[in-house]
Amino acid sequence: MADLQLKNIYKVYPGGVTAVSDFTLDIKDKEFIVFVGPSGCGKSTTLRMIAGLEEISKGELYIGGRIMNDVVPKDRDIAMVFQNYALYPHMSVYDNMAFALKLRRVPREQIDRRVQEAARILGIEMYLSRKPKALSGGQRQRVALGRAIVREPKVFLLDEPLSNLDAKLRAQMRTEITKLHNRLATTFIYVTHDQVEAMTMGTRIVVMKDGFMQQVDTPQNLYDFPANKFVAGFLGTPQMNFFDATMTGTKDAPVISFGKDQQVTLSKEKAAEIKDIYALLNTGKVFTFGVRPDDIHDDPEFIAKHKDTAFKVKVDVVEKLGAETLLYCTLDHDAADVNEDGSIKSIADDTTNMIARVDSRSTTGRGQVLDLAIDIRHIHMFDKETETTLLAYLPE
């Protein structure tokens, strides 16, 4: 069994700098867990504490039910794959993969069997006699993975292993690592700052910020039911649109006002998801209204069916991406493109900006004033001060 328990883990460096705070997580055997977050959030530090490369300042780490705080890295039965591959340049691929087993005095026949099997799984049998300098980046990454596989560890730890690869190769290696996890049927813990890697690879994702866990859940649940504004904005490309908003109307048909006099009416079902609707309804209290670009539509048929969520915008930029089109809009559709002093308005500074992801065959053009409509079933609401969700997500 390769289950892990991290109980109230802290990492405090000399000088009082706290890198990880109160990290508590149960990882089941054979799970693929992804730690994701911006640079400096503590994800790699947490991984290194699991590996034994960083000392745990406070808390307890268990692997397979055994406490590991004071166990040296080589005795933890883990294998780590680093960002920079860390291959020995003077050794062949075969020797790189076999090196750790030779140090353990594993019989030669067993070493050869493990290396050949790992090479077959990764498709690098023909490269076993080559030196690392004769390999491409993707091939070197496979060798680094192979070196970990031959050890047959309880837990694989991967620290941003794809960040040095080009976009096409990263997509290929994402698939390879997912296949590898399925074949080996063991526990993987993967660190990345790339939300696409996290969403496509993990069975569960741990979102981190400033050393704290923000939310732990499946990729789809994190996307659909973010616990706070940070998680909502971090997952999803382009990121979620956020607006200051107020609520008026009735309990069964509340009206959200945002932007430049834009209004949408919630359905009774969506209104029922608001935890404390009376704290917002007709009180003037400002909250954060969130809408993903995917849930904004310019299709006339959709708009005709959802007149309660339709509003006008002015299109500033149109990006044709082949499979989809991105519309960069301003809610202040009557405003000029320049300031009173003649300077061009900055899109970055305009708080009325909205991004919509629409069909690739959309005929919308730059400068056009048009109607858009929101799929109200998937809107989000967050407290302005705490940034936590205001919705109690109900099962469908």
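Below, the figures for the structure above:
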quantity: Given charges at Cβ of Lys, Arg, Asp, Glu: the chain dipole, positive-most of 278, 230, 65; calculated: 65
quantity: Residue order for 152, 197 - accessible surface, 1.4 angstrom probe, largest first; calculated: 152, 197
quantity: FRET efficiency for residue 108 and residue 83, using Cβ-Cβ distance with R0 set to 45 Å, rounded to 0.05; calculated: 0.90
quantity: Selection from 138, 119, 99 lying farthest towards where the dipole of segment 94-149 points positive, charges on Cβ; calculated: 99
quantity: Rounded to the nearest 20 debye, dipole of the chain from Cβ charges on Lys, Arg, Asp, Glu; calculated: 2260
quantity: Tilt relative to the chain, helix 137-149 - C-alpha long axis, 0 to 90 degrees, to 10; calculated: 60
quantity: DSSP loop chymotrypsin sites (Phe, Trp or Tyr not before Pro) with at most 14 other Cβ within 10 Å: longest gap in the chain; calculated: 83-392
quantity: Prolate/oblate/rounded label for segment 195-298 (Cα gyration tensor, a/c 1.5); calculated: prolate
quantity: Estimated FRET transfer efficiency (residue 10, residue 276; beta-carbon r; R0 41 Å; 0.05); calculated: 0.75
quantity: Beta bridge orientation in the chain: antiparallel %, DSSP, nearest 5; calculated: 75
quantity: Sites residue 58 and residue 185 - FRET efficiency at Förster radius 25 Å, r taken between beta-carbons, to 0.05; calculated: 0.15
quantity: Rounded to the nearest 10 Å², the accessible area of residue 371 at probe 1.4 Å; calculated: 60
quantity: Protein accessible area in the chain, 1.4 Å probe - carbon and sulfur %; calculated: 49
quantity: Tensor-based shape of segment 1-88 (alpha-carbon gyration tensor, a/c under 1.5 rounded, otherwise prolate or oblate); calculated: rounded
quantity: Loop GluC sites (Glu not before Pro), segment 10-75, which have at most 13 other Cβ atoms in a 10 Å radius of their Cβ (DSSP); calculated: 55
quantity: Among (i) 0.95; (ii) 1.04; (iii) 1.06, the entry derived from the coordinates for Rg/Rh (Cα atoms, Kirkwood Rh); calculated: (iii)
quantity: Spin-label proximity, residue 131 to segment 78-106 - amide N less than 12 Å from point 7 Å beyond Cα toward beta carbon; calculated: 88-93
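The values are calculated or read from the model by the stated rules, or taken from the named source; none is laboratory data. Everything numeric here is computed off the predicted structure, so don't read it as measured data. Ideal geometry is used to build each Cβ from the backbone, glycine not excepted, and the neighbour counts take in all protein chains shown. Surface accessibility is based on the protein's heavy atoms, side chains included, excluding ligands, DNA and RNA. Shrake-Rupley method; radii C 1.70, N 1.55, O 1.52, S 1.80 Å.
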